[in-house]
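The values are calculated or read from the model by the stated rules, or taken from the named source; none is laboratory data. All of these numbers come straight from a predicted model, not from anything done at the bench. Heads up, the Cβs are rebuilt from the backbone with ideal geometry, glycines too, and the neighbour counts pull from every protein chain shown.
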Amino acid sequence: MKTSIATVSISGTLDAKLRAIAAAGYDGAEIFENDLLSTHLDARAIRALMGDLGLACTMFQPFRDLEGLAGELRARAFDRLERKFDVMEELGTDLLLVCSSCSPQAEGDRERLVADLREAGERAGRRGLRIGYEALAWGRHVNDHREAWSLVRDADHPALGLILDSFHSLARRVPSSSIGDIRPEKLFIVQVADAPVLDMDYLGWSRHFRCMPGQGEFPLDDWAEAIRRIGYQGYWSLEIFNDRFRAGSASGVALDGYRSLRLLEGGIEHPASTAAALPPRARPSAIEFIEFAASHEEAEALGAMLRPLGFRPTARHRSKDVTRWTQGDLNLVVNCEPEGLAHSFDVVHGASVCAIGLALDDVPGTLARADAMRIPRFEQALAPDEWPIPSVRGVGGSLLYFVDAASREAMWAHEFPHPLEPAGEARLIAFDHIAQTMQFEEFLSWLLFYVCLFDVRKTPQLDIADPMGLIQSQAVETPDSGVRFTLNGSLAHQSLSSRFIQNYFGAGVQHIAFACDDIFAAVDAGIAGGLERLEIPRNYYDDLAARWGLDPALVERMAARDILYDRDGEAEYFQFYSRAFARRVFFELVERRDYTGYGAVNAPIRLAAQARHKPEFLD
Ligand code: MG
Ligand code: MG
């Protein structure tokens, strides 16, 4: 796949954008006219810079309001076109994007449009240049690629071709099967963007909500496959207008874009015909462990919360100040080492989750996939005889370890040979989900990280009401739900998510949910052991009884234990929250009875209850 990105997609000055684009690994870039107008570099200097960076200039764009004008207006539009040709010669690109006219003066007479496009092709051809015609979803007379293609076909000039932009076609739900009618030599370039499905005007939707393939909801796999099927061999160029990206880091957004194009190449939801170019997405089967970084003092406080949850410190690391806590198949690791990543993590963030281990069948394949996605590996010096567990950097600089599922028992035995206490009775049976909180600006980036690396589906995005503002939330889940992450971010300064980030100095794990078979027994044992719970108001239970017509005795059992409840058809969900550990991380117990969600309906209740303990989340 030949990759390109429009400079409008990322933040910064034009030269910084081009450097970021080159560093991310693209083959080329489209120069957006406003970037050219606002830079101190002239077109020749931009050409030289792109040459030095090894970037092709794939296109100059956009040229607006060309076709359908009459008389003096038409003459002026074509003069303007010639002046842009001058710029293109200096820039060193032969392709100009002409988007369908939005001018109120433009007429829709078909013969006039064909004649104007043919003339534009004629003028471009005379100078060795080409014109690509794109139907804007909000174009005045032409707003559908089928119409744009019929005009280009009938204008029939070798220097005139078509540009497909996934946003314009998919926002209008133009069937991708119609791409089969386009001749490949006439498709000059394709522009790619994803977007959430919204009910709003096309212009506002396009200008503010475009996102990268894999971050939105458009059926891009079918669209891209239709383009491959006609034999298209040209550039796949991202054109993303998004307020968050323009406020983000140029290098980070450029890298995300590169990943998203590779994801599209392999197939976002279904393997593409070009999938063989990439190692397949990894399939983690379970969360093997969660590692906390803590000082000794903090480790003691953490232990006082883990014990009532049913965990016991069962073994010590062979050489390090690291303890393994277990319960059934669940493993937690508490790292008190005075140096290394965990220690720096503790210094920066305070006691918190510094790493997550995922069990996988194919660790080398997972690393190959990460490499293909340019996800950096993390390397830390190994002590002699230490079991090597490869890892990459995840949310907030924490680590994601890849544990070989076949040798996991051997790994634990080797790394933690010194027994401590015997394990207790297991009341918790699995890690249900891990909730990570991040800056609103990074939300889509981490969503893409998981979607690129792992075979996960994403749930619809939700807005959850915090007493102090909205929190955006979305989950990624493996097909068998063995591994689930929920991602949360908020623009509101005083929401719990934002307070977490301020207090924590960055993104990280905010809660860990454990699954159990009998939540009442698990909660009773927890409370008896001194676990502090999040108190839920009585009003909630009165409403619950009324809403679901539940057995009053069941409602009273829940109320007595501060257990929350949700229902989806016959499926039921029970949730219980602890108070926060070290003012940051809290634990959740869940019992699922065929329920597949996360109790979003209860999140505002939980957030309001936590807001009552606000100092808990503020230093
Ligand atoms: Mg476009
Ligand atoms: Mg949860």
Hey, could you check region 98-149 for residues that are acidic (Asp, Glu) and more than 19 Å from residue 188 (Cβ to Cβ) and say which is surrounded by the most Cβ atoms within 10 Å (Cβ to Cβ)?
107
Kindly indicate whether residue 151 is under 25 Å from residue 221 (Cα atoms), away from ligand 2 (no atom under 16 Å from the Cβ), among the hydrophobic types (A, V, I, L, M, F, W, C) and in contact with a strand residue (DSSP E or B) (Cβ under 9 Å, 6 or more places away or on another chain).
no
How many of the residues making up region 92-105 are outside any loop (DSSP other than H, G, I, E, B), over 17 Å from residue 126 (Cβ atoms) and in contact with a Leu (Cβ under 8 Å, 6 or more places away or on another chain)?
1
Taking only region 489-508 into account, find how many residues are under 19 Å from the mean Cα position of the chain (by Cα) and away from ligand 2 (no atom under 16 Å from the Cβ).
5
Go through region 509-567 and give me each residue that's at positive phi and within 16 Å of ligand 2 (Cβ to nearest atom).
562
Those helices (runs of 4 or more DSSP H) completely within region 290-387 that have 1 or more residues that are buried (at least 21 other Cβ atoms within 10 Å of the Cβ), among the aliphatic types (A, V, I, L, M) and more than 30 Å from the chain's Cα centre (by Cα) are 296-306
So which of 258, 235 ends up being touching an Asp or Glu at 6+ places or on another chain (Cβ under 8 Å) and of a type outside the set (A, V, I, L, M, F, W, C)?
235
Just one of (1) among the hydrophobic types (A, V, I, L, M, F, W, C); (2) in a helix (DSSP H, G or I); (3) modelled with pLDDT of 90 or more trips up residue 500, so point out which.
(3)
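Please work out if residue 39 is within 16 Å of ligand 1 (Cβ to nearest atom), in contact (Cβ under 8 Å) with a residue 24 or more places away in the chain and of a type in the set (S, T, N, Q).
On the way: within 16 Å of ligand 1 (Cβ to nearest atom): no; in contact (Cβ under 8 Å) with a residue 24 or more places away in the chain: yes; of a type in the set (S, T, N, Q): yes.
It is false that residue 39 is within 16 Å of ligand 1 (Cβ to nearest atom), in contact (Cβ under 8 Å) with a residue 24 or more places away in the chain and of a type in the set (S, T, N, Q).
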I'm told residue 175 meets every condition in (1) under 34 Å from the mean Cα position of the chain (by Cα); (2) touching a residue at least 40 places away in the same chain (Cβ under 8 Å) except one. Can you identify the failing condition by its number?
(2)
Boolean, residue 110 is over 18 Å from residue 134 (Cα atoms), touching a residue at least 12 places away in the same chain (Cβ under 8 Å), over 42 Å from the mean Cα position of the chain (by Cα) and more than 16 Å from ligand 1 (Cβ to nearest atom):
no
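I want to confirm something. Restricting to region 128-186 and keeping residues that are basic (Lys, Arg) and assigned to a helix (DSSP H, G or I), which single residue is nearest to residue 203 (Cα to Cα)? Break it down stepwise before answering.
Here is the first cut: in region 128-186, the ones basic (Lys, Arg) are 130, 140, 146, 153, 172-173, 183, 186.
Narrowing further to those that are assigned to a helix (DSSP H, G or I): 146, 153, 186.
Working: 146: 19, 153: 27, 186: 26 Å.
Among those residues, the one meeting the criterion is 146.
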Quick one: in region 23-47, which of the residues that are closer than 15 Å to residue 92 by Cβ and part of a helix (DSSP H, G or I) is farthest from the chain's Cα centre (by Cα)?
44
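Quick one: would you say residue 486 is touching a strand residue (DSSP E or B) at 6+ places or on another chain (Cβ under 6 Å) and within 27 Å of residue 559 (Cα to Cα)? Give the steps one after another, and end with the answer.
Values: touching a strand residue (DSSP E or B) at 6+ places or on another chain (Cβ under 6 Å): yes; within 27 Å of residue 559 (Cα to Cα): yes.
When the stated conditions are applied, residue 486 passes them.
Can you give me the number of residues within region 333-379 that are among the polar types (S, T, N, Q) and free of Cβ contacts under 8 Å to residues at least 60 places away in the same chain?
The first filter runs over region 333-379 and keeps only residues among the polar types (S, T, N, Q), leaving 335, 344, 352, 366.
Those still in the list that are free of Cβ contacts under 8 Å to residues at least 60 places away in the same chain too: 335, 344.
Going through region 333-379 one residue at a time, the tally reaches 2.
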Of residues in region 586-608 being away from ligand 2 (no atom under 12 Å from the Cβ) and of a type in the set (A, V, I, L, M, F, W, C), the one surrounded by the most Cβ atoms within 10 Å (Cβ to Cβ)
605
Can you list residue pairs whose Cβ atoms sit under 7 Å apart, with the first residue in region 474-487 being farther than 14 Å from residue 460 by Cα and assigned to a loop (DSSP other than H, G, I, E, B) and the second being acidic (Asp, Glu) and away from ligand 2 (no atom under 13 Å from the Cβ)? Count only pairs 6 or more apart in sequence or on different chains.
478/455; 479/455
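Need a quick list: helices (runs of 4 or more DSSP H) entirely within region 193-269 having at least 1 residues that are without any contact (Cβ under 8 Å) to a residue 40 or more places away in the chain and of a type in the set (D, E, K, R).
Because the criterion is at least 1 residues that are without any contact (Cβ under 8 Å) to a residue 40 or more places away in the chain and of a type in the set (D, E, K, R), the helices (runs of 4 or more DSSP H) in region 193-269 that meet it are 202-209, 243-246.
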Give me the pairs, please: first residue somewhere in region 584-612 and within 28 Å of residue 307 (Cβ to Cβ), second residue anywhere and within 13 Å of ligand 2 (Cβ to nearest atom) and in a helix (DSSP H, G or I), beta-carbon distance under 6 Å, and either six or more positions apart or on two chains.
607/496; 610/496
Answer residue from region 586-604, given it is aliphatic (A, V, I, L, M) and at pLDDT below 95 and is farthest from ligand 1 (Cβ to nearest atom) among those:
601
Filter result (at pLDDT 95 or above and of a type in the set (Lys, Arg)) within region 319-353:
324
If you scan region 530-554, which residues turn out to be part of a loop (DSSP other than H, G, I, E, B), touching a residue at least 40 places away in the same chain (Cβ under 8 Å) and surrounded by 14 or more Cβ atoms within 10 Å (Cβ to Cβ)?
531, 532, 534, 536, 537
From the residues in region 406-445 that are part of a helix (DSSP H, G or I) and surrounded by fewer than 16 Cβ atoms within 10 Å (Cβ to Cβ), which one is farthest from ligand 1 (Cβ to nearest atom)?
413
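Every residue in region 568-583 that is on the phi > 0 side of the Ramachandran plot and touching a residue at least 12 places away in the same chain (Cβ under 8 Å), please.
Passing the criteria: 582, 583.
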When region 100-132 is checked residue by residue, the ones that are within 13 Å of residue 155 (Cα to Cα), out of contact with any helix residue (DSSP H, G or I) (no Cβ under 7 Å at 6 or more places or on another chain) and aliphatic (A, V, I, L, M) are 115
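Taking the residues in region 11-32 that are touching a Phe, Trp or Tyr at 6+ places or on another chain (Cβ under 8 Å) and modelled with pLDDT of 95 or more as candidates, determine which candidate is farthest from residue 255 (Cα to Cα).
Step one: of region 11-32, the residues touching a Phe, Trp or Tyr at 6+ places or on another chain (Cβ under 8 Å) are 11, 24-28, 30-31.
If we keep only those that are modelled with pLDDT of 95 or more too, we end up with 24-28, 30-31.
Details: 24: 5, 25: 8, 26: 9, 27: 13, 28: 14, 30: 16, 31: 18 Å.
So, considering only residues that are touching a Phe, Trp or Tyr at 6+ places or on another chain (Cβ under 8 Å) and modelled with pLDDT of 95 or more, the one farthest from residue 255 (Cα to Cα) is 31.
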